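First the structure, in the form of structure tokens, and then the observations on it.
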Amino acid sequence: MLLEAWILFLFAWVAAITVYVLRPPVVPDAKDPGVLRFAESTLGTGFEFFVFGYLLSRFFKQFKTGCAFAIVLFFAYLVWAGRH
């Protein structure tokens, strides 16, 4: 179970990195550019994807890796589409 959670977190982080690269934020934070801002943003967003994916898959009593991956991808799409 711990291994599945770790894999799901890594998948969520990769999804967050993909969203960040494909569509950066509307107003970049000019006071703190660089790797630290990138890491903070992607890790935070990836953790949110992971928590929502894990909790929703548990709520529906369907904690299967495929269900959680689909939820993570759905939230990644919502974040990507929300950045105009």
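Go through (1) modelled with pLDDT of 80 or more; (2) of a type in the set (Phe, Trp, Tyr); (3) surrounded by fewer than 13 Cβ atoms within 10 Å (Cβ to Cβ) for Phe60 and report which single condition fails. Failing condition for Phe60: (1). The condition of being at pLDDT 80 or above and either surrounded by 16 or more Cβ atoms within 10 Å (Cβ to Cβ) or within 17 Å of Ala16 (Cβ to Cβ) (or both) does not hold for Ala68.
The values are calculated or read from the model by the stated rules, or taken from the named source; none is laboratory data. Just so we're clear, the structure is a prediction, and the values are computed from it rather than from any experiment. Cβ coordinates were reconstructed from backbone atoms using ideal geometry, including for glycine residues, and neighbour counts include every protein chain displayed.
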